Amino acid sequence: MIKYYCKKCNLDNDGPVCQSCGKKLTGGSMHNVWAIRRLPLTDGSVWLFAFAIGCTVSLLLFVILFGAEFFLTGTDKMTALFATDLPMLVLAIIPLVLLVTGLMLALQGKEVLFYSIEGYGVILRTWHGASRIKCWARLCGAKMDNVMEDENGQGVIMAYERVTLWKDVKQVRYFPRRAEIRLYHAAHLAPMVLRIPQEEYQAAETLVKKFCKNK
């Protein structure tokens, strides 16, 4: 949703005139803001990352354990290891990682993602319910001194704030069907994911393309 920000009143307005002081706002005060409510438990990218971590750890253990046995005792001893429970124990790391991931995501509960496309970059703020358990499940300290109230009068805490500057963006990928835009500092590595309401996607894509030409 396009908003016009008045610095004097610290207020977002629906049009180019401040509703509080009546000041005419220029195009430089315009920015695109929206919010997404979601369950982290349904984030497929987190599950995929957890699966990759589990597979990587299992593979490394296989290489270390069976490689060491091969170099120290030879092929026969290494082959005998496959008849033991060791391979299954190593592979059990994968479902264990997924189980722990699911538990952590479930404890996080619901969250709200607030996005703002500015002239210098994109701001992402993640808010969740005021709970120590929800803070710990996100691997961050309980910030109970920073509790604020949302529009429903419920206590919320800002878990994360991330700012991505346009000058630092190396690659942009657009996903109209999923209503997502990904901004990469480096190719295929830790992008900022813009999750956008479907009806707001086109306006957001137009602004991103304006600031990220030929990327």
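With respect to the conditions (1) at pLDDT below 90; (2) in a loop (DSSP other than H, G, I, E, B); (3) surrounded by 11 or more Cβ atoms within 10 Å (Cβ to Cβ); (4) of a type outside the set (S, T, N, Q), K213 falls short on a single one, namely (3).
There is no residue in the stretch 114-136 that is assigned to a loop (DSSP other than H, G, I, E, B), in contact (Cβ under 8 Å) with a residue 40 or more places away in the chain, under 24 Å from F49 (Cα atoms) and open to solvent by 50 Å² or more (accessible area, probe 1.4 Å).
Within the stretch 40-64, being over 20 Å from the mean Cα position of the chain (by Cα), within 30 Å of R178 (Cα to Cα) and among the hydroxyl-bearing types (S, T, Y) holds for one residue alone: T56. Considering only residues in the stretch 63-108 that are in contact with a Pro (Cβ under 8 Å, 6 or more places away or on another chain) and touching a residue at least 40 places away in the same chain (Cβ under 8 Å), the one that is nearest to M1 (Cα to Cα) turns out to be Q108.
For E69, the conditions (1) among the acidic types (D, E); (2) modelled with pLDDT under 90; (3) under 30 Å from F211 (Cβ atoms) are fulfilled apart from (3).
If the condition is being over 11 Å from N32 (Cβ atoms), free of Cβ contacts under 8 Å to residues at least 60 places away in the same chain and basic (K, R), then the stretch 193-215 contributes K209, K213, K215.
The values are calculated or read from the model by the stated rules, or taken from the named source; none is laboratory data. Because the structure is predicted, anything quoted here is derived from the model rather than measured. We place every Cβ from the backbone using ideal geometry, glycine too, and count neighbours over all the protein chains shown. To get the accessible areas, we keep the full protein, side chains included, count just its heavy atoms, and leave off ligands, DNA and RNA. Shrake-Rupley method; radii C 1.70, N 1.55, O 1.52, S 1.80 Å.
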